[in-house]
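Take a look at the structure set out below.
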Amino acid sequence: MRPAVVIPVKSFTMAKGRLADTLTPRQREDLARTCAETVIRAAAPLPAYVVCSDDDVASWAVSVGAHVVHCTTPGLDVAVAAGRTAIAAEGFDHIIVAHADLPLAESLAHVAREGIVTMVTDRHNDGTNVLSFPLASSFTTAYGPGSLDNHIRAAEACGLAYETIEDASLSLDLDTADDLSELERRRKDNS
């Protein structure tokens, strides 16, 4: 199995819009960049491919050692499809898709399992923060509300076995003020 990590990354200046009532634009930009750097470090030793439409993000990705896949069409599923095509062309046979807003990410390689779909849930057991599947399969992503259930149905429709993984370091994504409070709580608990 030859996995690669695909990380869709929005423009840092536009990211984290749902936190506009809590953080300044500069704070949101810094948070988005810091989280994305954390996720890229967690990808190691696997190669990381950043999918983006923003030239500043592309330059940043190269500066931190990631490959860049340009995708100007909006949408998370479209970005993942672009990343999937790019890594398949490079000879990889398994994809790990990781959101760029996982501030506690430590490792991603353990998510890939030979021949099956694996999903790391968000802390609400609704979303899919990390997703892995074999490239040769007909599996397609289905991000959005209820993506965990969507991905389970997609795996079943393809006849693929699947596994849901609970991983505290990957379960927290930062979308709301409550998520920021949870991050602070976890950091205090670990200090």
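The values are calculated or read from the model by the stated rules, or taken from the named source; none is laboratory data. None of these values were measured; they are calculated from a predicted model. Note: ideal-geometry Cβ built from the backbone for every residue, glycine included; neighbour counts use all protein chains shown.
Taking the stretch 1-54 as the range and being of a type in the set (S, T, N, Q) and either under 25 Å from residue 112 (Cα atoms) or over 17 Å from the mean Cα position of the chain (by Cα) (or both) as the test, the residues that pass are 13, 22, 24, 27, 34, 38. Could we say that residue 127 is of a type outside the set (Asp, Glu) and over 13 Å from the mean Cα position of the chain (by Cα) here? Spelling it out, it is not the case that residue 127 is of a type outside the set (Asp, Glu) and over 13 Å from the mean Cα position of the chain (by Cα). Among the residues making up the stretch 147-191, those that are small (Gly, Ala, Ser), at pLDDT 95 or above and not in a helix (DSSP H, G or I) are 159, 161.
All told, residue 132 meets the bar of being of a type in the set (Ser, Thr, Tyr), at pLDDT 95 or above and in contact with a Pro (Cβ under 9 Å, 6 or more places away or on another chain). The helices (runs of 4 or more DSSP H) found wholly in the stretch 13-123 and carrying at least 1 residues that are within 19 Å of residue 147 (Cβ to Cβ) occupy 25-43, 76-89. Against the test of being surrounded by fewer than 20 Cβ atoms within 10 Å (Cβ to Cβ) and of a type in the set (D, E, K, R), the options 126, 122 yield a single qualifying residue, 126. The set of residues in the stretch 102-115 being out of contact with any Pro (no Cβ under 7 Å at 6 or more places or on another chain) and buried (at least 16 other Cβ atoms within 10 Å of the Cβ) consists of 102, 103, 104, 105, 108, 111, 113.
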